[in-house]
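What follows is calculated from the coordinates using simple rules that are stated; it is not laboratory data. Source: prediction; values computed, not measured. Glycine also receives a Cβ, built like all others from the backbone with ideal geometry; neighbour counts cover every protein chain displayed.
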Amino acid sequence: MQPIPPDSFRETYGLTRGTKAMFIFGVVFFSVGLLASIALYFTPKLSDNSAPRWTWIACAACYALFVLFCAATSKMRNDHVDVTEEGITSHAAKGTTTLQWAEIAEVAESTQRGCLMLKANDGRKIRLEFQFENFGNLLDLVSLQLAAHGSNAKQGIYRKHIGFHIMHLLLLAFFGSLAAWSCMHGLYWGAAFLLFPLLSLKSAITEPLKVELHPNRIRISSLIKRRTIEMNTIRDIRLHPPLHGKGGLFIEISERGSDQTTKLFFFTGVFQLYQEARDHLELALPN
């Protein structure tokens, strides 16, 4: 289990250098494209041909949108957060926000915005960016502090996010439509398009869709299988940062006496699921 932090501490977590460099590169690259498009628009050699001139205007508009997007995203993100035994403070371009641990009413994952959001009842929010250095340690520390201040929400039953099902249905519909259109026009090789969603369909069938938490066991259900893991057979439960290609936080359950692990991806309320499962595990551990 995670180590308990000392009574008095202060830790700082900030964006990785690679993330900062990526935003700077994006602003510089698209700014150069914007200036080049404007310069080419006013080039005398192209002034007699309206089509290229309108092309450069369109390019300049697109580059300007990308510059604004990079700048707005950089301003919205937190540069770093300070974590203490009393609360957490975020430092962003738009200002500084501090939340006491007892003030945090909700912890919500936002895969679209790439962060874990800490929310207070008065509307104040703090973003924990997925791109923070040592993000896994930050997750453990925030979880411990929220649990110590009685902020554990308990639901008992957790399900896959609706976006997971929509994604697989869209993939199946898209490639299925391509295959059907090809076969209708005599291009029977187009049936090969159905091979693309097979891997997606496999994960939709075999991956856990529902988790039921009980004091002494965890029940995990998929479309074709239901499995029960007794708490006394669990070695550890960990909450991990997002993996490449898996857009959000995920939970890994490892069992005693084997290398078998169970991974829970794309679950709604994954942070609360982790906290509740960890609480049950701690109560089930022998003294």
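Here are the numbers for this structure:
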quantity: Mean separation of Cα contacts under 8 Å, 6 or more apart, over the residue count of the chain: relative contact order %; calculated: 14 percent
quantity: Rounded to whole Å, sorted largest first: equivalent-ellipsoid semi-axes of region 162-203, Cα gyration tensor; calculated: 22, 10, 4
quantity: Proximal charge balance of Ser90 [Cβ under 11 Å; K/R count +1, D/E count -1]; calculated: +2
quantity: Phe29-Asn134 FRET efficiency (beta carbon distance; Förster radius 22 Å; 0.05 resolution); calculated: 0.15
quantity: Rough spin-label spacing in nm, given labels placed 7 Å along Cα→Cβ, for Thr206 and Ala21; calculated: 3.7 nm
quantity: Of the DSSP H helices in the chain, those whose Cα atoms cover at least 18 Å axially and whose Kyte score averages 1.0 or more; calculated: 17-41, 50-76, 135-148, 162-184
quantity: Relative contact order of region 192-287, pairs being alpha-carbon contacts under 8 Å that are 6 or more residues apart, as %; calculated: 21 percent
quantity: Extension gain, Thr73 back to Ala102 (0.36 nm per residue minus Cα-Cα distance, nm); calculated: 7.5 nm
quantity: 222 nm mean residue ellipticity, helices alone, for the chain (DSSP H n ≥ 4; -39,500 (n - 2.57); rounded to 500); calculated: -13500 deg cm²/dmol
quantity: Residues His165 and Ser110, FRET efficiency given R0 of 25 Å [Cβ-Cβ distance, rounded to 0.05]; calculated: 0.85
quantity: Overall dimensions of the chain by Cα: Rg and Dmax, Å; calculated: 24.4, 85
quantity: Filter on Lys94/Lys125; Lys20/Lys160; Lys94/Lys160; Lys210/Lys263; Lys125/Lys263 - keep pairs with C-alpha separation over 24 Å; calculated: Lys20/Lys160; Lys94/Lys160; Lys125/Lys263
quantity: Pairwise FRET efficiency - Trp54 versus Phe196, Cβ, R0 = 25 Å, nearest 0.05; calculated: 0.10
quantity: Tensor-based shape of region 218-287 (alpha-carbon gyration tensor, a/c under 1.5 rounded, otherwise prolate or oblate); calculated: prolate
quantity: Total formal charge among the other residues, if their Cβ is under 9 angstrom from that of Leu15, Lys/Arg +1 and Asp/Glu -1; calculated: 0
quantity: Simple label model, 7 Å out from Cα along Cβ direction - Arg217 to Lys94, nm; calculated: 4.7 nm
quantity: Electrostatic dipole magnitude of region 207-284 [Cβ: Lys, Arg +1; Asp, Glu -1; Cα centre; debye, to 20]; calculated: 260 debye
